[in-house]
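The values are calculated or read from the model by the stated rules, or taken from the named source; none is laboratory data. Everything numeric in this text was worked out from a predicted model, so none of it was measured. Cβ atoms come from the backbone with ideal geometry, glycine included; neighbour counts cover every protein chain shown.
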Amino acid sequence: MGEGVSMDEGTGEGTGWSTHPVTPDRFDDFADVVNPNRRTTHCWCLSHRLPAPEIERLGGGSREAAARALCAREHPPGVVTYRDGVPVGWCSISPRAEIPRLVASALIRPVDEVPVWSIICVVVRGGHRRQGVTGHLLEGAVAWAASQGAPAVEAYPVDPGGRRMDTTMAFVGTRAMFEAAGFRVVGTTDAVASKMPRLVVRRDLAGAGAARHGGGRR
């Protein structure tokens with residue numbers, strides 16, 4: 001599987017950024033971002049990936065253990081971004097075909113036949129928000145997907161405009177956030193988050209190109 005991509009960037013102020021796939025040795029860094037208190041009932045970013053019987057099989061009933069087991073797969077379930085060595089962000093990203101809830105979804109259907117990688121969750125660690133983490137996190141996630149041969153990366157955010165989002169649904173992200181990272185709207189979905197319709201945004205990596213899709217509802 002390999003260590004994957006490491007993106008080291010400077011901000012001009014001595015800050016070092018890096019992004020890595022969440023391999024087993026980085027599981028605790030992932031947990032520090034999404035579930036710092038290790039609460040058994042708190043989110044472990046499993047709902048899109050594992051049905052309850054699979055959580056039981058992989059983790060013996062422990063969601064944390066099941067999440068840890070996912071990190072040993074060929075494609076780990078996402079990437080962690082670090083600032084000066086501190087884990088500050090999590091992005092759940094992998095081939096769409098490996099995300100059962102997306103594969104089975106009647107609400108977020110494929111735009112076309114491109115074997116995209118999908119972003120299903122973006123989280124910035126408490127105490128580090130509004131500090132530019134998201135941009136580095138998305139760039140690192142896209143770089144990881146590109147290093148694994150992904151032709152394109154998709155996400156399914158909302159466009160709140162001036163409306164307030166329910167914080168429990170903020171993990172889907174916003175249109176502006178993804179457009180700032182080079183994504184563009186290529187379709188709509190029948191899904192909603194925080195009572196707002198979710199879009200399909202895409203960043204092409206290997207010539208998937210605009211001509212391949214028409215930007216309408218599929």
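Some observations on this one:
- Residue-level check: of (1) surrounded by fewer than 20 Cβ atoms within 10 Å (Cβ to Cβ); (2) without any contact (Cβ under 8 Å) to a residue 24 or more places away in the chain, SER47 misses just (2).
- If the condition is being touching a Ser or Thr at 6+ places or on another chain (Cβ under 7 Å) and more than 22 Å from CYS43 (Cα to Cα), then the stretch 160-209 contributes PRO160, MET177, PRO197, LEU199, VAL200.
- Scope the stretch 11-47; condition at pLDDT below 85 and out of contact with any strand residue (DSSP E or B) (no Cβ under 7 Å at 6 or more places or on another chain); matching residues: THR11, GLY12, GLU13, GLY14, THR40, THR41, HIS42
- Residue in the stretch 210-217 that is modelled with pLDDT under 70, farther than 14 Å from VAL153 by Cα and hydrophobic (A, V, I, L, M, F, W, C) present: yes
- Leading residue by the ranking (surrounded by the fewest Cβ atoms within 10 Å (Cβ to Cβ)) among those in the stretch 103-144 that are among the polar types (S, T, N, Q) and at pLDDT 95 or above: SER105
- Scope the stretch 182-198; condition of a type in the set (Lys, Arg) and either at pLDDT 95 or above or touching a Cys at 6+ places or on another chain (Cβ under 6 Å) (or both); matching residues: ARG184, ARG198
- Count of residues meeting criterion [touching a residue at least 24 places away in the same chain (Cβ under 8 Å) and either among the acidic types (Asp, Glu) or surrounded by fewer than 15 Cβ atoms within 10 Å (Cβ to Cβ) (or both)] in the stretch 170-180: 1
To keep it simple, each residue is scored yes or no on (1) at negative phi; (2) in contact (Cβ under 8 Å) with a residue 60 or more places away in the chain; (3) not in a strand (DSSP E or B).
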site: TRP90; (1), (2), (3): yes, yes, no
site: LEU102; (1), (2), (3): yes, no, yes
site: ALA106; (1), (2), (3): yes, yes, yes
site: PRO110; (1), (2), (3): yes, yes, yes
site: PRO115; (1), (2), (3): yes, no, yes
site: ILE119; (1), (2), (3): yes, no, no
site: GLY127; (1), (2), (3): no, no, yes
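- Residues of the stretch 145-169 that turn out to be farther than 23 Å from ARG109 by Cβ, of a type in the set (Gly, Ala, Ser) and at pLDDT 90 or above, as a count: 3
- From THR134, THR168, residue being in a helix (DSSP H, G or I), within 14 Å of the chain's Cα centre (by Cα), at negative phi and hydroxyl-bearing (Ser, Thr, Tyr): THR134
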